[in-house]
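The values are calculated or read from the model by the stated rules, or taken from the named source; none is laboratory data. Keep in mind the model is a prediction, meaning the values are calculated, not measured. Neighbour counts run over all protein chains shown; Cβ positions are idealised from the backbone, glycine included. For accessibility, only protein heavy atoms count, side chains too; no ligands or nucleic acids. Shrake-Rupley method; radii C 1.70, N 1.55, O 1.52, S 1.80 Å.
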Amino acid sequence: MARRVAICAVSQTKFVRNNTTQRFQEMELDVLESLREQVDIGFADEGGIGMSINVSNDVFDARTISDAPMTDVLGAHMGCEEKVDQDGAQAIIYGASAIMSGHCDAVLIIGHCRESQGQSRNMCTNLTFDPFFTRPVGLDYCSAAGFQAQAYLSKSGITEEQLAKIVVKSRENASKNPYTPEAPRVTVEDVMSSPMLCDPIRELHAYPVSDGAVGMILAAEDLAVKLTDTPVFFNGHGNNMDSFYLGDRDLTSNFALKGAAERAYKRAGITDPKTAFDIVEISDQYAYQYPMWLEGLGICDEGKAGELIDSDNANGPAINASGGMLAGNPLNLGGFVRAAEGAMQLMGKAGDRQVKGAKTALAHGVVGPAGQFHTVVILGSD
Amino acid sequence: MDSNNDSFVVDGKLALPYQYFAGRTGSRFIIAIRDEKKIKGLECKKCNKVYVPPRATCEHCFCDIKDNWVDLDSTGTVTGFTVVRYEEPHHPVKAPFIQALVKLEGADTPFVHIVQGVPVDEMKTGLKVKAVFAEETTTTIMDISHFEPA
Ligand SMILES: [Zn+2]
């Protein structure tokens with residue numbers, strides 16, 4: 001039986017449109033220092049952090065090997081240093097695997113992104129398309145999402161008003177989250193009259209451009225219980241990659257998300273996702289994804305997300321109590337921040353957004369055009 | 001955040017001229033468009049599926065399909081679309097413009113291209129379109145200039 005792994009500490013910076021006072025190394029250093037204040041662990045060979053993982057992206061950083069300038073912050077000189085790109089939640093799986101397998105006892109993970117650095121986020125995501133067949137037609141993640149939104153809205157019957165309510169709710173929740181200080185409250189009318197980006201996605205339906213960093217320390221159970229009174233256990237995960245070309249996929253099928261969730265639920269021993277979680281944190285980069293991902297995760301039945309939105313999910317888990325991705329995290333940190341938020345809730349350290357007595361959490365991340373690749377992580381206070 | 005009147009922002013640019021090898025399968029697809037004004041697909045006989053853009057291997061059964069070229073009609077049906085209204089340097093045409101999934105007659109997978117000749121607010125799924133071939137080659141999918149109503 002593999003060893004159990006727990007998150008012992010989490011930290012994040014504020015996510016802001018343009019951090020004009022810090023380089024990304026300094027943002028990560030703030031996270032590291034906060035983590036070290038929470039738990040007494042260093043980088044010693046015996047009993048210390050045995051592996052450091054950086055979450056970052058070469059294109060957003062505009063340099064190759066985007067983890068290379070991070071080694072000193074990560075305590076990774078002469079050490080075991082790794083990098084995870086795509087969704088940051090993958091780094092938790094990677095770190096947990098190293099501990100479960102006995103390679104090391106503790107892992108430090110810190111991720112950063114300055115989406116503000118590039119002229120446009122869309123130019124960055126255009127580069128993920130192949131140079132022959134899809135990049136030249138001008139695809140980027142925003143327009144790819146436009147295709148999916150168009151198809152999903154017509155299949156599901158989710159209305160403009162319901163999309164607007166999602167954004168209003170996200171901003172309301174974000175107003176209690178000190179890490180999303182630039183997500184002002186909006187009204188349904190504000191959202192419905194905001195300019196169209198790519199039909200049917202409006203400006204206020206899209207996650208904001210932001211800069212920030214997030215991190216956590218993972219440890220094997222026997223070490224974790226010495227480091228903290230509030231360990232949050234990594235109880236399962238799953239991921240799944242859909243086809244690359246948009247036309248090869250059924251864009252409304254949630255194929256990859258269902259696959260990722262099924263694997264995570266099986267590993268975590270979850271039979272009914274509707275009742276299994278106190279906290280659900282999903283990466284809703286665009287408003288239409290909120291209902292679509294909830295259906296894919298089985299948090300509500302297919303075709304029922306509209307009712308969930310209208311009823312504010314009164315009888316279900318707290319969904320995106322943080323404000324979710326719509327209130328702002330960079331692309332590559334989405335799932336990582338969701339897991340950090342889930343862990344803070346289970347530690348009872350979520351401040352004004354704390355859900356009382358939360359014991360189980362689901363964190364979801366997604367990257368790739370129109371939800372190509374999904375990650376699901378299941379956390380529990382035991 | 002404090003003010004930043006004591007620190008610089010340094011302008012930079014990532015611009016690296018590059019030559020991407022298109023591969024034999026990709027090249028053959030583009031050559032057929034460039035020289036014959038013909039769009040070809042690759043068929044997996046086991047899965048009974050014709051793929052566009054081309055690929056040498058079927059991702060479902062892992063069969064080698066690289067020699068199973070089939071000629072497709074240059075007309076097809078729009079199965080999905082979005083109207084791109086924001087401006088970006090990587091756009092092939094000025095916004096607003098229509099990106100659409102076009103399923104050619106004889107193909108099973110639609111692919112994304114530009115549709116012109118329809119007012120953007122009147123665009124609908126199900127529209128019949130035909131390929132307009134480019135006058136000058138770029139040896140990419142843009143050797144099809146765009147699609148227009150058939
Ligand atoms: Zn096949």
field: So A:CYS198, is it modelled with pLDDT of 95 or more and touching a Phe, Trp or Tyr at 6+ places or on another chain (Cβ under 6 Å)
entry: no
message: If I filter the stretch A:223-231 for residues that are within 14 Å of chain B (Cβ to nearest Cβ), in contact (Cβ under 8 Å) with a residue 40 or more places away in the chain, open to solvent by less than 20 Å² (accessible area, probe 1.4 Å) and part of a loop (DSSP other than H, G, I, E, B), do I get at least one hit?
response: no
- request: State the number of residues belonging to the stretch A:318-328 that are modelled with pLDDT of 95 or more and either open to solvent by less than 10 Å² (accessible area, probe 1.4 Å) or in a helix (DSSP H, G or I) (or both).
  value: 7
query: Within the stretch A:97-116, which residues are part of a loop (DSSP other than H, G, I, E, B) and under 19 Å from A:ARG338 (Cα atoms)?
result: A:GLU115
message: Being crowded, with 19+ Cβ neighbours inside 10 Å, among the aliphatic types (A, V, I, L, M) and more than 10 Å from chain B (Cβ to nearest Cβ): is that true of A:LEU197 here?
response: no
Hits in the stretch B:100-138 (condition: farther than 22 Å from B:ARG85 by Cα, facing chain A (nearest Cβ under 8 Å) and not basic (Lys, Arg)): B:THR109, B:PRO110, B:THR138
